[in-house]
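One structure below.
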Amino acid sequence: VQLQASGGGLVQAGGSLRLSCAASGRTFSTYAMGWFRQAPGKEREFVSVMPWRGDRPAYANSVMGRFTISRDSAKDTWFLQMNSLKPEDTAVYYCAAKANSARLDNILSYDYWGQGTQVTVSS
């Protein structure tokens, strides 16, 4: 099983980026797919998750209204559209997948992780 995150880069404050996570090795149609991030010197934190059952996606308060998560179930790929980026969004972004819908914002409950993609927002 492999999750491959991509799409990170350097952008000015106010700009946008779209992250992608491609999953392979099994079918993820019944998995919740999420995004986490880790800034230098800080713990990894929840950003957003798309439940597999069609429930509403969830977002951290810090990204609400600016980030949008989506998924292409047919391709086992999910995305994070990030708009109005701020310097405090600078972090390594990780995609992750979990087999059930419990504790969707809990980093310890995820089964699979991608390698991370760097997002740097300059002021």
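General remarks:
- Trp113 closer than 14 Å to Arg18 by Cβ and part of a strand (DSSP E or B): no
- Matching residues in region 1-27 - criterion: being among the basic types (Lys, Arg) and at pLDDT 95 or above: Arg18
- Residue satisfying all of: in region 36-49; surrounded by fewer than 11 Cβ atoms within 10 Å (Cβ to Cβ) and of a type outside the set (D, E, K, R); nearest to the chain's Cα centre (by Cα) among these: Pro40
- The single condition among (1) open to solvent by 40 Å² or more (accessible area, probe 1.4 Å); (2) touching a strand residue (DSSP E or B) at 6+ places or on another chain (Cβ under 7 Å); (3) at pLDDT below 95 that Trp78 does not satisfy is (1).
- Pair list, Cβ < 7 Å and 6+ apart or interchain, from region 3-19 residues that are among the basic types (Lys, Arg) to residues that are in a strand (DSSP E or B) and open to solvent by 30 Å² or more (accessible area, probe 1.4 Å): Arg18/Phe79; Arg18/Gln81
- Taken over region 1-35, residues that are part of a strand (DSSP E or B), open to solvent by less than 20 Å² (accessible area, probe 1.4 Å), of a type outside the set (Gly, Ala, Ser) and over 12 Å from Val119 (Cβ atoms) amount to 3.
- Screening region 50-69 for residues that are within 21 Å of Ser6 (Cβ to Cβ) and at pLDDT below 95 and picking the one that is surrounded by the most Cβ atoms within 10 Å (Cβ to Cβ) gives Met50.
- Of everything in region 88-123 that is among the aliphatic types (A, V, I, L, M) and farther than 16 Å from Ala5 by Cα, the residue that is least open to solvent (accessible area, probe 1.4 Å) is Val121.
The values are calculated or read from the model by the stated rules, or taken from the named source; none is laboratory data. Small disclaimer: the values here were computed from a predicted structure and weren't measured. Backbone-built Cβ (ideal geometry, glycine too); neighbour counts: all protein chains shown. When the accessible area is computed, the model is the full protein with side chains, heavy atoms only, and any ligands, DNA or RNA have been set aside. Shrake-Rupley method; radii C 1.70, N 1.55, O 1.52, S 1.80 Å.
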